[in-house]
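Okay, structure first, notes after.
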Ligand code: DX5
Ligand code: ZN
């Protein structure tokens with residue numbers, strides 16, 4: 001099974017995006033955290049900045065929208081060319097209609113679940129999504145600790161994906177290090193967001209180490 005390492009640009013130097021993107025060129029996708037100071041108590045950037053990242057990046061964009069009213073905002077990110085657009089289940093008025101719209105525009109459609117949001121309602125809807133993001137921290141800030149109590153959700157998702165044979169990526173985001181990536185891979189994740197653990201060292205080395213750790217803990221599924 002393919003393992004994907006998606007560094008979060010939230011942990012990069014905002015004054016040097018071009019250079020920072022160059023440092024993560026060996027990663028699979030660049031994770032872009034959009035926060036609106038309503039859905040989460042933090043504010044990052046919006047479509048104009050994301051459009052510039054899209055122009056500069058040599059790897060595809062993995063947009064994570066932590067915003068209220070994604071039904072209104074998410075399509076714009078698909079329109080600017082983001083490869084993947086993930087919105088929160090807790091914020092969407094009509095998740096299935098929104099996911100279909102994102103796919104129609106040409107993006108992969110992802111749905112994200114906060115740590116306390118149950119996965120069961122989505123297990124029968126997997127055909128509507130290209131990615132399920134299981135948050136392993138409360139969304140809003142980088143640098144928090146991994147919540148291992150979220151792992152049973154991944155196991156349930158992996159079982160459902162294997163049973164249905166659908167091509168749905170299972171992503172984890174928050175507190176991913178060389179240690180916790182093994183736990184998440186073991187539980188069934190295949191797509192790993194890492195912010196501080198990538199940018200606090202030499203990103204190419206960190207990406208390689210994370211990839212090796214994830215691969216060696218991935219089951220055949
Ligand atoms: C948190 C964001 C994450 C964050 C991860 O709300 O969604 O993508 O950047 O950062 P680390 O890897 O430092 O936990
Ligand atoms: Zn994120």
Please verify whether the range 88-108 includes one or more residues that are within 14 Å of ligand 1 (Cβ to nearest atom) and within 27 Å of residue 1 (Cα to Cα).
yes
Only one of 33, 28, 62, 68 that is over 15 Å from residue 133 (Cβ atoms) and touching a residue at least 24 places away in the same chain (Cβ under 8 Å)
68
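I need the full set of residues from the range 4-31 which are assigned to a helix (DSSP H, G or I) and buried (at least 19 other Cβ atoms within 10 Å of the Cβ), in order please.
Matches in the range 4-31: 9, 10, 11, 20, 21, 23.
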Determine the pairs where a residue that is over 13 Å from residue 136 (Cβ atoms), located within the range 182-203, has a partner that is near ligand 1 (Cβ under 9 Å from one of its atoms) and part of a strand (DSSP E or B) with Cβ atoms under 8 Å apart, the partner being 6 or more residues away or on another chain.
198/7; 198/8; 199/7; 203/7
Among the residues of the range 91-129, write down those that are within 16 Å of ligand 2 (Cβ to nearest atom), within 21 Å of residue 160 (Cα to Cα) and in a loop (DSSP other than H, G, I, E, B).
114, 115, 117
Pair list, Cβ under 6 Å, 6 or more apart: the range 139-164 residue within 15 Å of residue 119 (Cβ to Cβ) and in contact (Cβ under 8 Å) with a residue 24 or more places away in the chain, other residue within 16 Å of ligand 1 (Cβ to nearest atom) and assigned to a loop (DSSP other than H, G, I, E, B)
147/115; 147/136; 150/115; 150/136; 154/189
Of the residues in the range 130-152, how many are away from ligand 1 (no atom under 16 Å from the Cβ) and either surrounded by 21 or more Cβ atoms within 10 Å (Cβ to Cβ) or part of a loop (DSSP other than H, G, I, E, B) (or both)?
1
Taking the range 65-87 on its own, how many of its residues are part of a loop (DSSP other than H, G, I, E, B), away from ligand 1 (no atom under 16 Å from the Cβ) and surrounded by 21 or more Cβ atoms within 10 Å (Cβ to Cβ)?
0
Qualifying positions in the range 153-168 - over 15 Å from residue 89 (Cβ atoms) and assigned to a helix (DSSP H, G or I)
154, 155, 158, 159, 160, 161, 162, 163, 164
Just to be sure I understand the filter: pairs with C-beta atoms under 7 Å, separated by 6 or more residues or on different chains, first member in the range 1-20 and free of Cβ contacts under 8 Å to residues at least 40 places away in the same chain, second member more than 16 Å from ligand 1 (Cβ to nearest atom) and not in a strand (DSSP E or B). Which pairs pass?
17/56; 18/56
Kindly indicate whether residue 5 is within 14 Å of ligand 1 (Cβ to nearest atom) and on the phi < 0 side of the Ramachandran plot.
yes
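Quick grid of which residues meet (1) closer than 30 Å to residue 165 by Cα; (2) more than 15 Å from ligand 2 (Cβ to nearest atom); (3) at pLDDT below 95; (4) touching a helix residue (DSSP H, G or I) at 6+ places or on another chain (Cβ under 7 Å):
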| residue | (1), (2), (3), (4) |
| --- | --- |
| 3 | yes, yes, no, yes |
| 7 | yes, no, no, yes |
| 12 | no, no, no, yes |
| 29 | yes, no, no, no |
| 38 | no, yes, no, no |
| 56 | no, yes, no, yes |
| 66 | yes, no, no, no |
| 71 | yes, yes, no, yes |
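The values are calculated or read from the model by the stated rules, or taken from the named source; none is laboratory data. All values derive from a computational prediction rather than experimental measurement. As a convention, Cβ positions derive from the backbone with ideal geometry for all residues, glycine included, and neighbour counts pool all protein chains shown.
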